[in-house]
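Asks: What follows is a single structure, and I will ask about it in a moment.
The values are calculated or read from the model by the stated rules, or taken from the named source; none is laboratory data. Predicted model only: the values in this text are computed from it and were never measured. In this analysis, Cβ positions are derived from the backbone assuming ideal geometry, glycine residues included, and neighbour counts consider all displayed protein chains. In case anyone asks, the SASA skips ligands and DNA or RNA and just uses the protein heavy atoms, side chains included. Shrake-Rupley method; radii C 1.70, N 1.55, O 1.52, S 1.80 Å.
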Amino acid sequence: MAGNTLPFKSNYAVSSKIEPFYKGGKVQISQDEQYIFCTCGPRVNILQIDTGKIIHSIEQDDQEDITSFSLSPDDEILVTASRALLLKQWDWKQEKCTRSWRAIHNVPVASMTFDCTSTLLATGGCDGTIKLWDVVKQYCTHNLKGSSGVVHLVEFHPDISRLQLFSSSVDCGIRIWDLRTSKCICVLESHYSAVTSLAFSPDGQTLISSGRDKICSVWDLKKKAVKRTVPVYEAVEGVVVLPGKSDYSQMGVKGEGLHFVTAGSKGVLRVWDSSSARCVFTQTLPDAPALNTEEADLDPRSLMHLLPMPQSNRLATVTAEHNILIYQMPALTVQQQFVGYNDDILDVKFLGKDDTHIVVATNSSQLKVFELATNSCQILYGHTDTILSIDVFRKGSMFASCAKDKSLRLWKMDLKSGHVHCVAQGSGHSNAVGSVACSRLKKGFLVSGSQDCTIKMWDLPDPLPDVGCEPVLMTARLTERAHDKDVNSVTISPNDKLLASGSQDRTAKLWSLADMSLLGIFRGHSRGVWCVQFSPVDQVLATASADGSIKIWSIQEFSCLRTFEGHDASVLKVIFVSRGTQLVSSGSDGLVKLWTIKTNECVKTFDAHQDKVWALHGSSKDDLMVTGSADSTITLWKECEMKQSKLCFVLHVIHAIINQEDGIQELEKTLLKLRQDQKESVLRFSVVWNTNSRSCLDAQAVLQVLLTHLSPEEILQYQGTRTHLEGLIPYTERHMQRIGRLLQASMFLDYMWQKMRITGGKDRMWSVYKTLVFHPNTLVSLMPNHTLSDKGINQLVKLGLIELELMVRSSHVG
């Protein structure tokens, strides 16, 4: 192994996270255009546009989903409605609920809006009624009845002196309510499906409505009649009137007539002249493939919302995939893009000269490139099915991707602008391509591994096409049937001479890249191999398997040098860090573990995900790592020093006390004599000890004393108690699961021992002994209602072999 010239890593801390913040529903932009408000289950998340960070999260105490919300025009008051039929008023900057009252609606509130004075709030219910509330004096002012079905749209007329409210429900009409008389004065009928959006002209005399019936209607509010019907040939979800002051000639606007922008199922913005009903401008999306117009309504790029940002002359759109895009007018260039929901994260890699970006493969056909400083995202189109794997060339400006569409693509990043475009593509596999690897020394070739059991080598085109040119086609130079089952992982050695592959057939193989000849096979895993990685400095290979173990192999002798066990489920990814002296692994148990190879020790376990951690990658400087999980969260980790001196000393003292005669009683006396600040420190230390199986027993002993003898009120006075207790729960549950498996194994031994005593006889007992050692699976059938897993059987053999041997010897079996 490599020399210890560099210090071992001891700890990583979460530097930042990219988490789901929007899963559908209403989106609103603050009046000062600094924040985006959007719903995510029981929360309203508040995104700062400049930084891309979630700065506030307003959450319902009852965990009921939020059905609607509205921010007042003065940006001071936020009101939410939930399925619990409650309205809550929030001081959102302090994340504090200032008032809560019953909504009076018999069913959930579907829509909500403020008037321009920030004093009147209108709520439209699923019961067909509309309530108006004075949020200053805190009482209901109007109860408007007459709508049929769900009132999904409410909007005040911008001229408050008119005291008019516009609403729409499932009957497709637009009702105008006079708030002086609380009566509906008119129903505007033109649409034949749901009205999705209303926009008023600057003078307030004209209304434009959009609908899913693929038309927009231009209304004269004086005559309360339709002036013109504009066929837009797509289901329209949002409409915005262009202000008349700016120059929009780049968007086809000529003259001073009323123009408006629509967003809908085709995924593009279009500008319309209301007087001629003509489309004068259609947005082009150069990076996206053309839409199939017959299936446009189902396209994930369909636009669900269109929001004006008049102060900065911008527009914001929300796609069906929960992406929020901000366009600068009049050029309609994408200024920022935020991804509200990523679905499962399948792979992630650092990208850029100084690891300024990450490229992410999610459970979709698009790649997402995030700028880490702002969380702004570029979405890359090209694949037609789920992308499974990514790999990056050494200098970080080019990377390759592969997908279930049986193809792989090569992408290049412009280091100045950060823009990424596809430069080459290749196809030839007969099944999904599950892994891709880039050459290490030069940008010369790619290797892919597929579910068709083959591996292929691809030469890169030279020269690469320029930006804006069509991607060139790559052809496979070599093809080899590599495994008997799916190829899960391929990796190339640092000198570009060797290739390793891992498969569901439980083996890893080593190949010569010169002629794709097989050099040797690594056998030893009992389940499929999910990941293979070469050491950056040593002649060894690391493999991660579904059997829950990581193995280090000699690539000269093909023998196993080290085995690391600690994950409770499949190990999905493994990487080398600290110049090949340490490993980091991620697994289906949601954990990330740091290992020291020389000592076979798990240095630290990190628990920041709630589901399988499919993605793991280290930065070029070896000071950062990034993980991605099926919980839709991407976590950026930064190396940090672990303050171990005091922590280890206290643990050593606790361990020494427990190992004494009557150790638990002595520990109890010692802990109860401590001052409050010392007890607080011990509780904090116990949270850290509890993350390691070696020290968890000491941690649990300390917790038993503290939680037994201290009242809840006293414990809650400690600083950060809630955080500490929450940190204890997941690891304690895992310890309990492990104890349960050990208890199950011990019961099996008791069962076997009783059977041996009943049956008696040397031959019978010796047969049982040999069977347990050499064929443990056959003994499971002897147990009624057995539930032992393969892993449990292996533990049983390890734990029970010595004890059983003593039992057999005590019975004088030869």
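Asks: Quick one: count up the residues across the stretch 730-761 that are within 22 Å of residue 650 (Cβ to Cβ) and of a type outside the set (Ser, Thr, Tyr).
Replies: Of the residues in that region, 1 qualify.
Asks: Turning to a different aspect of this structure: Pick out the one residue from 407, 376 that is touching a Phe, Trp or Tyr at 6+ places or on another chain (Cβ under 9 Å) and polar (S, T, N, Q).
Replies: 376
Asks: Quick one: how many residues across the stretch 656-667 are touching a helix residue (DSSP H, G or I) at 6+ places or on another chain (Cβ under 8 Å) and surrounded by fewer than 16 Cβ atoms within 10 Å (Cβ to Cβ)?
Replies: 5
Asks: Okay, moving on. So, in the stretch 469-502, exactly how many residues are among the small types (Gly, Ala, Ser), surrounded by fewer than 24 Cβ atoms within 10 Å (Cβ to Cβ) and in a strand (DSSP E or B)?
Replies: Within the stretch 469-502, residues that are among the small types (Gly, Ala, Ser), surrounded by fewer than 24 Cβ atoms within 10 Å (Cβ to Cβ) and in a strand (DSSP E or B) number 1.
Asks: Within the stretch 428-443, restricting attention to residues that are closer than 14 Å to residue 493 by Cβ and not aliphatic (A, V, I, L, M), which residue is most open to solvent (accessible area, probe 1.4 Å)?
Replies: 442
Asks: Against the condition open to solvent by less than 10 Å² (accessible area, probe 1.4 Å) and of a type outside the set (Lys, Arg), how does residue 635 come out, does it pass?
Replies: So residue 635 passes the test.
Asks: Next question. If the requirement is being open to solvent by less than 60 Å² (accessible area, probe 1.4 Å), free of Cβ contacts under 8 Å to residues at least 24 places away in the same chain and of a type in the set (Ser, Thr, Tyr), which of these qualifies: 670, 627?
Replies: 670
Asks: I've got another one for you. Would you call residue 52 surrounded by fewer than 17 Cβ atoms within 10 Å (Cβ to Cβ) and not assigned by the TED database to the domain that holds residue 537?
Replies: no
Asks: Related question: Starting from the stretch 485-509, keep only residues that are outside the structural domain of residue 527 (by the TED database), then list their pairs with residues that are buried (at least 24 other Cβ atoms within 10 Å of the Cβ) and among the charged types (D, E, K, R) whose Cβ atoms are within a distance under 9 Å, requiring at least 6 positions of separation or different chains.
Replies: none
Asks: What's the total number of residues in the stretch 200-250 that are assigned to a strand (DSSP E or B) and in contact with a Gly (Cβ under 9 Å, 6 or more places away or on another chain)?
Replies: 5
Asks: Would you kindly identify the strands (runs of 3 or more DSSP E) lying entirely within the stretch 300-348 that contain at least 3 residues that are surrounded by 18 or more Cβ atoms within 10 Å (Cβ to Cβ) and assigned by the TED database to the domain that holds residue 390?
Replies: Correct list: empty, since no element meets the threshold.
Asks: Same structure, new question: Looking at residue 548 and the list (1) within 25 Å of residue 355 (Cβ to Cβ); (2) touching a helix residue (DSSP H, G or I) at 6+ places or on another chain (Cβ under 8 Å); (3) not charged (D, E, K, R), which single condition is not satisfied?
Replies: Status for residue 548: all satisfied but (1).
Asks: A further question follows. Looking at (1) under 39 Å from the mean Cα position of the chain (by Cα); (2) at positive phi, can you tell me which one residue 204 breaks?
Replies: Among (1) under 39 Å from the mean Cα position of the chain (by Cα); (2) at positive phi, residue 204 violates only (1).
Asks: If residue 256 satisfies every condition in (1) outside the structural domain of residue 196 (by the TED database); (2) closer than 17 Å to residue 327 by Cβ but one, which is the exception?
Replies: (2)
Asks: When residue 163 is evaluated against the numbered criteria (1) touching a Gly at 6+ places or on another chain (Cβ under 7 Å); (2) surrounded by fewer than 16 Cβ atoms within 10 Å (Cβ to Cβ); (3) of a type outside the set (S, T, N, Q), which criterion, by number, is the only one it fails?
Replies: The single condition residue 163 does not satisfy is (1).
Asks: Which of the following residues is open to solvent by 10 Å² or more (accessible area, probe 1.4 Å), within 30 Å of the chain's Cα centre (by Cα) and at negative phi: 91, 74?
Replies: From the options 91, 74, the qualifying one is 91.
Listed here are the residues, each with its yes/no results for (1) in contact with a Leu (Cβ under 8 Å, 6 or more places away or on another chain); (2) buried (at least 21 other Cβ atoms within 10 Å of the Cβ).
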{"site": "197", "(1), (2)": "yes, yes"}
{"site": "200", "(1), (2)": "yes, no"}
{"site": "214", "(1), (2)": "no, no"}
{"site": "227", "(1), (2)": "no, no"}
{"site": "234", "(1), (2)": "no, yes"}
{"site": "243", "(1), (2)": "no, no"}
{"site": "257", "(1), (2)": "no, no"}
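Asks: Among 760, 720, which is the only one that is under 39 Å from the mean Cα position of the chain (by Cα), at pLDDT below 75 and on the phi > 0 side of the Ramachandran plot?
Replies: So the residue among 760, 720 that is under 39 Å from the mean Cα position of the chain (by Cα), at pLDDT below 75 and on the phi > 0 side of the Ramachandran plot is 720.
Asks: Scan the stretch 94-106 for residues that are open to solvent by less than 90 Å² (accessible area, probe 1.4 Å), of a type outside the set (S, T, N, Q) and in a strand (DSSP E or B) and jot them down.
Replies: Scanning the stretch 94-106 gives 97, 99, 101.
Asks: Restricting attention to the stretch 626-684, report how many residues are small (Gly, Ala, Ser), at pLDDT 85 or above and either touching a Cys at 6+ places or on another chain (Cβ under 9 Å) or part of a helix (DSSP H, G or I) (or both).
Replies: Total satisfying the criteria: 1.
Asks: Give me the pairs, please: first residue somewhere in the stretch 106-132 and touching a residue at least 12 places away in the same chain (Cβ under 8 Å), second residue anywhere and of a type in the set (D, E, K, R) and not in a strand (DSSP E or B), beta-carbon distance under 6 Å, and either six or more positions apart or on two chains.
Replies: Within 6 Å, the pairs are 106/127; 107/127; 108/83; 118/74.
Asks: Can you pull out the residues in the stretch 681-704 that are among the polar types (S, T, N, Q) and under 21 Å from residue 669 (Cα atoms)?
Replies: Residues satisfying the conditions are 681, 686, 695, 700, 704.
Asks: A follow-up question, please. Looking only at the stretch 705-737, which residues are surrounded by 14 or more Cβ atoms within 10 Å (Cβ to Cβ), more than 18 Å from residue 677 (Cβ to Cβ) and of a type outside the set (A, V, I, L, M, F, W, C)?
Replies: 727, 730, 731, 732, 734, 735
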